[in-house]
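Quick notes on the structure that follows.
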Amino acid sequence: MALFTKLITRIKGGTESASSDWSELEAELLQADLGPALASECIEQAKKIKGATPEESLLQFLSSKLSSKSHEMSLSSSTSTILVVGVNGTGKTTSVAKLARFYKSSGRSVLMAAGDTFRAAAVDQLKTWGERIDVPVISGQENGDPASVAFDAAKNAQENNVEILIIDTAGRLHNKSDLMSELTKVKRVVEKTLPISEVLLVIDATTGQNGLAQAKMFSSTVDVTGVVLTKMDGSTKGGVALAIEAELGIPIKWVGTGESESDFSPFDPGAYLKSLLA
Amino acid sequence: MAAIIGPQISTLKYSAPIMFESLASRFSGAFSSLRAKGKISTGDIETVCSEIRTALLDSDVALQVVDKFIQDVKQKSLEALPGMQSGSNQANAIFEIVNKELVEILGGATRRIRMAKNPPTVIMLAGLQGAGKTTLAGKLAKFYADQGDTPLLVASDLQRPNAVTQLQVVGESINVPVFAPEPGNGVGDPVQVAKAGVEFAKAKLHSIVIVDTAGRLGVDQELMNQATNIRDGINPNEILFVVDSMIGQDAVPTAQAFLEGVGFDGVVLTKLDGDARGGAALSIASITKRPIMFASTGEKMHDFDIFYPERMASRILGLGDVATLAEQAKKAFDPNSSAKLEAKFASGEDFTLEDFLEQLQAMSKMGNMTKLLGMLPGAGAMKKQIDNFDEGEIVRSRSIVESMTPIERANPKVLNGSRRARIAIGCGRKVSDVNNLVDRFTAAQKMMKQVRSSGMPAMPNMPANLSMPNLPTVSKGSTVKKAPTKKKSKSGNPAKRALEEGLS
């Protein structure tokens, strides 16, 4: 149905686009989790753009909603510290391991810190990853203070001139203020030793509009510098990340697409925007 | 009910109106503008429907579910409109239509896990990665262990690194044995483990087996086949689909894929303690026609409860969750004093300040008032005031009543100026505070009398600014009005006035 009407528009030459076309595109944006406000804004504004097809006008407008900040990682010349945060079950530990593997395979020295001391066996999970990808892991006691693990890791990274330090943290719901302040403590303690280059917020691509609330809260607590969009290999489009880019100006930096350590790549804006309408 | 759930299961957390609060306030916003209209036109219905549509989409209800919902509501409202008498009841009638549709979607009464005739009852968990299956397995096991069952956890998630260890740690913390012959991390056959687990449970006479499986994407055919093989290998009595309450539009394709792939009998919503508006609940229930059976509300093992659809529907609409409130109250109130109060009420005796004090004491036992107030009808509209609710108010009210003599408490009409001044000194408050409390109490007493003579007022017709009869005021910028007293003249003397009002 959608294909058919698109085809007709294309045959017609596309300048006059039926309103049903636009409402179908709006439906696609809504189903991609852009949220009603952003979706209707996109449609309204795209209508004003003279593109070959409504789809093209829309793509053009969508790309204007991407954050103006760089979508690349900003690493320091000495030790770059990356703090990975997010709510429960989004794939933080897996992303930490994938990120470590990415930098290791580009020839850098990498260290991981098992800062999730809360969830049962999370430390073991990261250690297992460490063995698989051959990256050392700094860990403390289970149920210990995550800030002290992070501090030890920062010290260790500094002393051994490690190029990339990636710190895993426990999943926490963004509306739990005590857990959020625990996170600021982790950040503060690390910053005593090393400046933090990146704070990456891991967002599950299946998340709906709540992703925006997560980004807002994490951003106001620990100054998120980029988003890791995980589980993009499913049927989901991850449109809430665009809403995060548009509303909070936080760029997506990485995309996770599977359970294997190589299913991970830097963000590709063109492919992402196209997939929203696919 | 309370006895079945057991005291460890915290209904309080679940009762917090977090999940649907924003949806509820959007709904009540839409309806209050509708109520303000004298006569409702078809255009007004269009407007309210489009407001509801945006609210639902904002809450992550799937587009197709929203559009069907709106279509049904619109059609039913337009059909009913000509037959309605103009006046305030029109808005209520439309409100009723929306309520009915919501309850219909969320499903009727709660269903419990079907227990096998010959134990063990086998429960299999399935869901996306990160939905919270392993944690939920532990919570479910604890839930049944607390009821005297002897559950066994089976570690069939051999995919995720250290999922087996996680389940073992969880099992240890709740004192439930875990069947984990394989180390996981990609080693071992999950189907064999599941089968052997059920056999083991039979041999060791466990009454319930909970099988944790690996998380899988709806589009991953290979893993879906594995789940199907596990299912066919163990013949579970219940397959529960575990889903993150923060899930967006993908809820529908995912739920459908699982339904067609492995199939499921019930749904468990996790991470309800977040601020997700939980549109997924509506979407999944509507698309799959499977009931939402449990809700998981926190990281602790006891943060878990049965899901009540009709309560959730009324909470979405801002009708409050009176049933949970009542359960909560039942736990906190002394049965003797409640019975006494009931008997008093039935015999037509007056509600005294002594009873009021008892209620206040029980109320402070019930815990956080903000959460409790959120369950009351009209809570959505009063959200601001509730958030600003001053917990100290209860303490202050208590101190005032406790500074009264027994005679004064039994018969507040004797409270004249000098008595009030003495009470104010006694409790360290101002005379005006004492006056306030007595006024509110008198109003409450009056309302009790009305209720007694006319029966309970119907819930949906309750005004949004409903004042709570036997609660202290919701203060600080409150719009809660005191029941207006239409007396021809009021005596300037509070004692006299109380006397007059008491006689009326």
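The set of residues from the range B:236-264 being in contact with a strand residue (DSSP E or B) (Cβ under 7 Å, 6 or more places away or on another chain) and surrounded by fewer than 22 Cβ atoms within 10 Å (Cβ to Cβ) comprises B:237, B:238, B:263.
Of all residues in the range B:103-144, those satisfying the criterion of being away from every other protein chain (no Cβ under 11 Å) and among the β-branched types (Val, Ile, Thr) are B:103, B:105, B:110, B:113, B:121, B:122, B:123. When residue B:217 is tested against (1) over 20 Å from residue B:128 (Cα atoms); (2) open to solvent by 10 Å² or more (accessible area, probe 1.4 Å), only condition (1) is not met. Within the range A:151-169, being touching a residue at least 60 places away in the same chain (Cβ under 8 Å) and of a type in the set (Gly, Ala, Ser) holds for A:154, A:157. Scanning the range A:239-257 for residues that are touching a residue at least 60 places away in the same chain (Cβ under 8 Å) and under 10 Å from the mean Cα position of the chain (by Cα), we see that the one that is nearest to the other protein chains (Cβ to nearest Cβ) is A:256. Selection of the range A:116-152 for residues being of a type in the set (D, E, K, R) and surrounded by fewer than 18 Cβ atoms within 10 Å (Cβ to Cβ) yields A:131, A:132, A:134, A:142, A:145, A:152. Just one of the listed residues (A:80, A:109, A:64) is open to solvent by 40 Å² or more (accessible area, probe 1.4 Å), closer than 27 Å to residue A:250 by Cβ and either within 22 Å of the chain's Cα centre (by Cα) or modelled with pLDDT of 95 or more (or both), and it is A:64. Looking only at the range A:174-203, filter to residues that are facing another protein chain (nearest Cβ under 10 Å) and open to solvent by 10 Å² or more (accessible area, probe 1.4 Å); which one of those is nearest to residue A:241 (Cα to Cα)? So the residue we want is A:175. Note on the range B:160-183: residues that are more than 8 Å from chain A (Cβ to nearest Cβ) and outside any helix (DSSP H, G or I) amount to 9.
Among the residues of the range A:204-234, which ones are within 13 Å of chain B (Cβ to nearest Cβ), of a type in the set (S, T, N, Q) and touching a residue at least 40 places away in the same chain (Cβ under 8 Å)? Matches in the range A:204-234: A:207, A:209, A:214, A:230. Counting only strands (runs of 3 or more DSSP E) wholly contained in the range B:227-313, the ones carrying 3 or more residues that are not aliphatic (A, V, I, L, M) occupy B:238-244. For beta carbons closer than 9 Å, sequence separation of 6+ or different chains, a first residue in the range B:183-202 that is of a type in the set (Phe, Trp, Tyr) and a second that is open to solvent by less than 40 Å² (accessible area, probe 1.4 Å), the qualifying pairs are B:200/B:152; B:200/B:154; B:200/B:179; B:200/B:206; B:200/B:209.
The values are calculated or read from the model by the stated rules, or taken from the named source; none is laboratory data. Worth saying up front: this structure is predicted, and the values here are computed from it rather than measured. A quick note on method: Cβ atoms are made from the backbone with ideal geometry, for glycine too, and the neighbour counts reach across all protein chains shown. Remember, those area values only see protein heavy atoms, side chains included, never the ligands or the DNA or RNA. Shrake-Rupley method; radii C 1.70, N 1.55, O 1.52, S 1.80 Å.
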